[in-house]
1. With r as the distance between the Cβ atoms of Glu731 and Leu561 and R0 = 51 Å, compute the FRET efficiency 1/(1 + (r/R0)^6) and round to 0.05.
2. For segment 363-373, just list the computed ³J(HN,Hα) in residue order, Karplus coefficients 6.51, -1.76 and 1.60, θ = phi - 60°, integers in Hz, with x standing in for Gly and Pro.
3. Quick one: net charge around Ser412, please, counting Lys, Arg +1 and Asp, Glu -1 for every other residue with C-beta under 15 Å from its C-beta.
4. For the pairs Lys287/Lys530; Lys185/Lys542; Lys147/Lys210; Lys291/Lys530; Lys293/Lys356, flag any whose C-alpha to C-alpha distance is greater than 32 Å.
5. Place +1 on the Cβ of every Lys and Arg and -1 on the Cβ of every Asp and Glu in the chain, take the dipole about the Cα centre, and give the residue among Gln305, His435, Gly707 whose Cα lies farthest towards its positive end.
6. So what is the 222 nm mean residue ellipticity for the chain from helices alone, if each DSSP H run of at least 4 adds -39500 (n - 2.57) and you divide by all residues, rounding to the nearest 500 deg cm²/dmol?
7. Antiparallel versus total DSSP beta bridges in the chain: what percent is that, nearest 5?
8. Mean separation of Cα pairs under 8 Å and 6+ residues apart, divided by the residue count of the chain: what relative contact order is that in percent?
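Just so it is clear, none of the values below were taken in a lab; they were calculated from the coordinates. Quick caveat, the model's predicted, so the values are computed rather than measured. So basically every Cβ, Gly included, is an ideal-geometry build from the backbone, and we count neighbours across all protein chains shown.
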Amino acid sequence: NPVAATADKVVEKVQEAVGSGTDIPGAPAPVPPSVDEPTRPTGPLPPKPDQRGPDTYSPTGQATSTPQDEVAQGGEFLTTAQGTRPYDTDHSLKAGPRGPVLLQDHHLREKITHFDHERIPERVVHARGAAAHGVFQGYGTATRISKATFLGKDVETPVFVRFSTVLGSRGSADTVRDTRGFATKFYTGEGVFDLVGNNIPVFFIQDAIKFPDVVHAAKPHPDREIPQAQSAHDTFWDFVTLHTEATHHTLWNMSDRGIPRSYRMMEGFGVHTFRLVNAEGATTLVKWHWKPKLGVHSMAWEEAQITAGVDPDFHRRDLADAIEAGAFPQWELGVQTFPDTEDQLFEGIDLLDPTKMVPEELAPVQPVGLLTLNANPSNYFAETEQVAFHVGHLVPGIDVTDDPLLQGRLFSYLDTQITRLGGPNFSQLPINRPHAAVNDMLRDGMHQTAVHRGVAPYRPNSLDGGCPFLAGEDNGAYVEVPERVPAAPKVREAAASFDDHYSQPRLFWLSMTPTEREHIVAAYTFELSKCWETAIKERALKVLANIDGGLCAQVAAGLGLPAPAPTVTLADPAPSPALSQLGSTWPLDGRTVGVITTDGQDLSGVRSVARAALDADMVPLVIAPAGGVLDHDGDPVTVQRTFATARSTEFDALLVTSAPAPGADAFAARDAKADESGEGATGIDPRVVLLLAEAHRHGKAIGAWNGGARALEAAGIAPGTPGVVTADSAEDGLRGITELLGRHRAWDRFDPAL
Ligand code: HDE
């Protein structure tokens, strides 16, 4: 009887799963439950008005008072969302094993329904991000200008920092040419302060009302939804050439700043001017800066493009790996300070215009604290995805200015979370909860998780003791600076000082080294070549002519179009050397050194460079033909990358010992063929040749020892090329490339076309 057989199977399953019978027909006699069902509350109910639920215990031993986030994964058995233990989660409840699924299967419906709603809308911009926890330590140097207690000397404040690209959707690649977000949530004792900045100190537009327009233009075309995470398309260039205030930000995007090497090697900027207020009520205007301890570094454009394909999570992985390895990234927070004058100009620069920066040579960045990222999130969705930043999250001592872009942002960030996080209670999500005590009168709403007490959420009231009470300044109240608002007609206009769209782009251009300028020319040429409409390219050239004739002429040559004459003539501003990324040396922490070897080679050299690189806080990765371990000398060396998985873009430097000799691997046959034809026989694995050739093209440090020079030769790398070291031992090879690594690349060897 097949039905009876099935019933027996079900019983078996139940026995297997729960270990004891239930009232299923045919099941063995029930074993008494391990915990007695309570028949009545164990203690008296607490009296009103407390109204707390009884402190009972459940039969599974869970205390009902345990906070929900702790019980989410409590207990050893799988349960439904209601805490009931299903005996099977792999089969729907059916009328027989081949029969229809029953509507009564709550477990099935709950599981599928929850899954159907697992995704929330991605951020409308900055959708792709990576984040980390950390700590901010105040130096106390800012107390003169701000009463914010987290800036006080040695005050330690927990932080959560989210880095992001702007244009791409959540699954897009990290290494695209784009602005990067740098948003920091400080959980201060006085409430949450969010510093929601970017890695570029200026913005595309001067008024928030244009934000939907610039984003519509920069996002993929609405008909076919391409290109993803790119600015190299018609609508972007149409917008930025018709709104010439975007010229400055676009120039930064086309520079190396648009393709950072790592989130750890990026500056951050608050962009707008903020107003700080000290204990005496005196105000100072400031611009926020994050300065990375590792310096500012970028990828080469070709590297960024290759990486977007071979490792789209490159920046995310880089950040997480560094933190996991204990190489905690650090930034100094600094401020440029300006007197809070009525005109809010500094050296003729309008401090309310977010398309302008103030050169550091005119207003030095003064350090006020240190940020250290020291822990990775435990759950991407709960933390990185659900974190909600807002420029309006301010603490006493920090206030805003009338920058029209900032003013619009003060509305937008709260508004967007209501759609994205499904209601107004997102600040109750664990990652968004302030560490300061919260006692608001906000009630109810979607996803309310607080069980508010009392009957009078208004004040004053005579029923709940009049609480909560209002703080005065003495108790840390946030009091807006009573800034005087100019008596002026209501207009939809910008100040005349906002009309200068070219002097700062020219300043940036003049501050670049020749190599950096070559990269900018190449980037404009690439992006504009991707545009379809000639009229847009021609308009872009007109904009470039106003920045610099040489820049315009070179891009025009690349596009095959005539270079127009400038329409604006400007006196040359003094360059700001601080804007250039080249010319300094930086710590080597976290730099990746690939050590290319094969079994049978100098393993003791490999071991010794790996150890030396680790000791110097670098990351050595052994690259060999196949995975596993190399152990011909009895002391095994673990292989981290194979010739198939290694790509040059992952490495800041390469060291190579003798690569496979002819006949030693699968490529011997190919070489043999090449031998017959008398061409191209090298005996070197072509993947090693590619690794070395790419690293060489991208100006990376390369060292060879123990016959490794043959591999260099196969890759067409001439001995004595700048940044290439041939050494007698592995240790000498490492020493040779270390000095170069601090300067990031062998710039004199760098191919400008990349
Ligand atoms: Fe944003 N921006 N933005 N932005 N922004 C958002 O908020 C907006 C601007 C920045 O990691 C959104 O929660 C307007 C400048 C970062 O979660 C949204 C304007 C700067 C992040 C929004 C700007 C930024 C955002 C989308 C023009 C640098 C990611 C999702 C007035 C100073 C934060 C969200 C994170 C995110 C609006 C311009 C930085 C829609 C209206 C300038 C780093 O609210």
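1. Details: r = 54 Å, r/R0 = 1.05.
E(calc), rounded to 0.05, equals 0.40.
2. Values, residue by residue: 9, x, 7, 9, x, 10, x, 10, 9, 10, 8 Hz.
3. Numbers: positive: Arg123, Lys210, Arg409, Arg420; negative: Asp194, Asp207, Asp213, Asp403, Asp415.
Here the charged neighbours net out to -1.
4. Lys287/Lys530; Lys185/Lys542; Lys147/Lys210; Lys291/Lys530
5. His435
6. Details: 18 runs with 199 residues, N = 754.
My calculation for the chain gives -8000 deg cm²/dmol from helical runs alone.
7. On the way: 61 of 79 bridges.
Percentage antiparallel, nearest 5: 75.
8. Numbers: 1367 pairs, mean separation 76.2, N = 754.
Worked out over the chain, it gives 10 percent.
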